[in-house]
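Before I ask anything, here is the structure I am working with.
The values are calculated or read from the model by the stated rules, or taken from the named source; none is laboratory data. All values derive from a computational prediction rather than experimental measurement. A quick note on method: Cβ atoms are made from the backbone with ideal geometry, for glycine too, and the neighbour counts reach across all protein chains shown.
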There are 2 protein chains.
Amino acid sequence: MIEIERKFLVKSDAFKDKAYKKIAILQGFLNTHPNRTVRVRIKGEKAYLTVKGKTNKEGLTRFEWEKEIKKTDAHSLIDLCEPGIIDKTRYLVKSGKHTFEVDEFFGDNQGLMVAEVELKSETEDFEKPDWLGREVTGDVKYYNSQLSKKPFKKWED
Amino acid sequence: MIEIERKFLVKSDAFKDKAYKKIAILQGFLNTHPNRTVRVRIKGEKAYLTVKGKTNKEGLTRFEWEKEIKKTDAHSLIDLCEPGIIDKTRYLVKSGKHTFEVDEFFGDNQGLMVAEVELKSETEDFEKPDWLGREVTGDVKYYNSQLSKKPFKKWED
C-alpha cells in the first residue's frame, strides 16, 4: 500500500479540546535505515509490526506494510529494538472531511507536537485548523525513526 | 522462543539421497545488525517474517520470533530488502531422533552447503551422519544475514 501523508508542526495545544480519541503509543525500531524502517508499535491494547520503504522525491508517498501482532510479542520485540524508544500520546482530531493525527511526544522528545493528515492524492485539498503550524512533510528529522536516533531535546536550532 | 542450534559444514552431497523433503527458499533481510536481524523468507508456498536477537556468548541460543505472512506481501518486502537476496534449497534429512536441515546455496553463495540440527538443550547428544563436516556453530560468517552481505564466493580462505 502506498500512503500519502502531509505533516505539520502544531502551534498550540488547542487541538486537545477538539480530539475525539486519545491513544497511548510506545514504539521502537528494529531498523531505521531510510530505505527500510521496521517499527514495533503498541497502540492502546493492540500491537503492530510495520515496514516502510523509502519516501519518494517529493516526500509524499511511501510503501507501507503492516501486520497486527500480539501485545506480549511486541514487548519482547521492543526489548530488541535500537536505543531510543518513542513514547507519545496520539490525539485524533476531525477537520472537515479529514482526520488529523496529532502526536504529543514525551521523554527525550518532550516539547514536540506533530500533526499528520492522510490524503487520497498528492493534490487533495483539506481544511487547515487554527492550531496547525508550518508544514514539515518530507523533513527527515521529524520521522519517528530519526526522532528515536536524534531526539528533539538534542536539536540545536 | 529461544532456539538451540548447532551448525556444520557438509563434506559431500550424499545427504541428497537420504532427504525426505526438498524446499526452495528465497530470502532477504530488512536488517542484518547482529543484535536484531529481520528476515523475509519465502519457503515453498509459504512466507514468513522472522526477527532474531543477539546470539549468546557460546553461539548456541538466540531469541527468535516468527510470523506467517502472505507470499505476495513477502515478494514486496523482499524488494525492499538489503542487497544480497539468498536463494537456496533446503533438504530435510533424518539422523536418529533428529532432523538435519541441509542448505545448498546458489548464486553468490554457490558451493556452500551447511547443515543445522535443533536441540532441546546445549548438551543434548545426536547421531553424526557420514556427510557431516566441521562444526561452525557461532561462526558469524556462516549466518545467512552475513552471507547476504559477504557471500561465499567472496571469501578469501
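Within region B:36-52, take every residue that is of a type in the set (Val, Ile, Thr) and closer than 17 Å to residue A:64 by Cα and give me the one that is nearest to the other protein chains (Cβ to nearest Cβ).
B:38
Hey, another quick one. With region A:1-104 as the region, which strands (runs of 3 or more DSSP E) entirely inside it contain at least 2 residues that are closer than 26 Å to residue B:54 by Cβ and not polar (S, T, N, Q)?
Correct list: A:19-33, A:36-43, A:46-55, A:61-69, A:86-95.
Now, a different point. So, in region A:112-126, how many residues would count as being of a type outside the set (A, V, I, L, M, F, W, C) and at pLDDT 95 or above?
Within region A:112-126, residues that are of a type outside the set (A, V, I, L, M, F, W, C) and at pLDDT 95 or above number 1.
Checking the condition closer than 28 Å to residue B:79 by Cα and not acidic (Asp, Glu), which residue from A:97, A:67 passes?
Going through A:97, A:67 in turn, just one is closer than 28 Å to residue B:79 by Cα and not acidic (Asp, Glu): A:67.
Tally up the residues in region B:21-52 that are on the phi < 0 side of the Ramachandran plot, surrounded by fewer than 16 Cβ atoms within 10 Å (Cβ to Cβ), of a type in the set (Gly, Ala, Ser) and over 14 Å from the mean Cα position of the chain (by Cα), please.
0
Since residue A:55 meets every condition but one in (1) in contact with a Leu (Cβ under 6 Å, 6 or more places away or on another chain); (2) closer than 19 Å to residue A:117 by Cα; (3) within 14 Å of another protein chain (Cβ to nearest Cβ), which condition does it not meet?
For residue A:55, the exception is condition (1).
Moving on. Name the residue, out of A:138, A:133, that is farther than 20 Å from residue A:88 by Cβ, small (Gly, Ala, Ser) and within 18 Å of the chain's Cα centre (by Cα).
Sole residue among the options that is farther than 20 Å from residue A:88 by Cβ, small (Gly, Ala, Ser) and within 18 Å of the chain's Cα centre (by Cα): A:138.
Then there's this: Can you find a residue that is away from chain B (no Cβ under 14 Å) and more than 21 Å from residue B:69 (Cα to Cα) anywhere in region A:65-87?
yes
Any idea how many residues of region B:66-89 are surrounded by fewer than 19 Cβ atoms within 10 Å (Cβ to Cβ) and touching a strand residue (DSSP E or B) at 6+ places or on another chain (Cβ under 8 Å)?
13
Okay, next question. Which of the residues that make up region B:53-63 are among the basic types (Lys, Arg), surrounded by fewer than 16 Cβ atoms within 10 Å (Cβ to Cβ) and in contact (Cβ under 8 Å) with a residue 12 or more places away in the chain?
Hit for region B:53-63 is B:54, nothing else.
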